[in-house]
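Q: One structure, as structure tokens, below. Some questions next.
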Amino acid sequence: MAENYQYASLEYERVVFEERDPNIINEALLKKGLCHKALRNFSQAYSTLDRANLFIAQDSLNYQIRYEKALTAYLSQQYNLVVSQALQINHFYKNDGYDEIMFLHILALNELRKWEEAKILFDEYLSMNHKNNDNQDLYSFVNKTKLKDPEKAVKISYLMSGIGMIYAGYLGRGIVSSLISASLFTYGIYGISSGYYYTGAFLGIGTFWMLNTASFEVVRQLAIEKNQKLTNKYNSPIRQTILEIENHKLNKKGSIN
């Protein structure tokens, strides 16, 4: 099956190369993009779709390309591009197409942590789908998020690496690192005060400084990792609600067809 999609992708590229009709080129690019999506090459799918000329006519083909661009951008975690495509669809198609992509717009805004903006759209989304408006509960975290500032974590680490880790939300690692750093610093001061200047300065204070310096990027990444975990925690129930609504819509549409 994978080979079939790859061969089809090459054939669609041949069409793009040989054709001069922009509509045929756009259709070939759409189908090539769908091949890449089927192969789970989402970034490549988006790049392929992005080659389409979307200003020749705002028709159903144009809309489908824009929709697939938004979807593959989301699947490849290019959330700013999802928002861009959603806004363009809202501009060009108004209520004729934006409703179908609103859920992706909300999901992308959530991933970008633009929760205030997402909350407004989510309220509209629930109303549009005749669901109870419980977004006050699902977005109750907005004014009390516990996100960490990676740069602040690094600045705190200048004092002692473990403190930055504790701020980033890793208490155990922070305590261990703080104890090691404190021991090295104490050893250095004790060595210098006892007349062992070389040992105290290089083995104690020097090692302490090297440990702190080496930990800066680690602390930054820990803060980023913690923020991602918190973001997933906040977004998960909203994402689940949206997916349940969209699955229900798909099943309803399938039963009608």
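The values are calculated or read from the model by the stated rules, or taken from the named source; none is laboratory data. Small disclaimer: the values here were computed from a predicted structure and weren't measured. Methodologically, a virtual Cβ is constructed for each residue, glycine included, from the backbone with ideal geometry; neighbour enumeration extends over all protein chains shown. Heavy atoms of the whole protein, side chains included, go into the accessibility calculation; ligands, DNA and RNA do not. Shrake-Rupley method; radii C 1.70, N 1.55, O 1.52, S 1.80 Å.
Q: Could you pull out the residue among S177, S181, S140, S127 that is at pLDDT 70 or above, among the polar types (S, T, N, Q) and in a helix (DSSP H, G or I)?
A: S127
Q: Moving on to the next point. Of everything in segment 33-51, what is open to solvent by 30 Å² or more (accessible area, probe 1.4 Å) and closer than 10 Å to T72 by Cα? Give them in sequence order.
A: L34, K37, R40, N41, F42, S43, Q44, S47, listed by residue number.
Q: Determine which member of the set E116, E68 is open to solvent by 40 Å² or more (accessible area, probe 1.4 Å) and either of a type outside the set (V, I, T) or touching a residue at least 40 places away in the same chain (Cβ under 8 Å) (or both).
A: Just a single option satisfies the conditions, and that option is E116.
Q: Let me ask something additional. Suppose the filter is among the basic types (K, R) and either over 29 Å from H36 (Cβ atoms) or open to solvent by less than 10 Å² (accessible area, probe 1.4 Å) (or both); does K144 pass it?
A: yes
Q: Considering only residues that are at pLDDT below 85 and either of a type in the set (K, R) or under 15 Å from the mean Cα position of the chain (by Cα) (or both), which ones fall in segment 221-249?
A: K249
Q: What single numbered condition from (1) at pLDDT 95 or above; (2) farther than 22 Å from N4 by Cα; (3) touching a His at 6+ places or on another chain (Cβ under 9 Å); (4) not polar (S, T, N, Q) fails to hold for D50?
A: (3)
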